[in-house]
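The values are calculated or read from the model by the stated rules, or taken from the named source; none is laboratory data. Just so it is clear, the structure is predicted and the values come from calculations on it, not from any experiment. We place every Cβ from the backbone using ideal geometry, glycine too, and count neighbours over all the protein chains shown. Side chains included, ligands, DNA and RNA excluded: accessible areas come from the protein's heavy atoms. Shrake-Rupley method; radii C 1.70, N 1.55, O 1.52, S 1.80 Å.
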Amino acid sequence: MDQLNITDAIGARNEAMGRVETHAGASFKEHATQFVLEYLRTHGATSGEELTTACVASGIKPHDERAFGVVFMSLSRKGLIFKVGTCVRVKGHGTSGGNIWDLTTREQ
């Protein structure tokens, strides 16, 4: 199998995220988005996994926790949150690549 070039890889990622978003539903994305923003307002910079865990614990549960990637990417693209660092992943069994997110401004 040939390796994807960056353009094809981004296209494949966007298609997959679109399918996940459709399957999770608009209601999930709306509720998760509001939860993430409020959590960051209250707690400050937080890892994506911690945000996901807190959101699920609050009752906002998608069909698959990977659906939170759509939420983080959407908020990031809108300029509402940004990556402030990285961390070791808890759900990834100690692998690298966890993102730490924060609000772009504290006034939001």
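Among the conditions (1) touching an Asp or Glu at 6+ places or on another chain (Cβ under 8 Å); (2) closer than 15 Å to residue 41 by Cβ; (3) surrounded by fewer than 15 Cβ atoms within 10 Å (Cβ to Cβ), the only one that residue 105 does not satisfy is (1). Considering 85, 97, 92, the condition of being farther than 25 Å from residue 27 by Cα, surrounded by fewer than 12 Cβ atoms within 10 Å (Cβ to Cβ) and in contact with a Lys or Arg (Cβ under 7 Å, 6 or more places away or on another chain) is satisfied by 97 alone. For region 37-75, residues that are more than 11 Å from residue 102 (Cα to Cα) and of a type in the set (Gly, Ala, Ser) total 7.
Checking each residue in region 82-108 for being modelled with pLDDT under 95 and of a type in the set (A, V, I, L, M) picks out 88, 90.
Of the helices (runs of 4 or more DSSP H) entirely within region 1-81, those holding at least 3 residues that are open to solvent by 30 Å² or more (accessible area, probe 1.4 Å), modelled with pLDDT under 90 and acidic (Asp, Glu) occupy 6-24.
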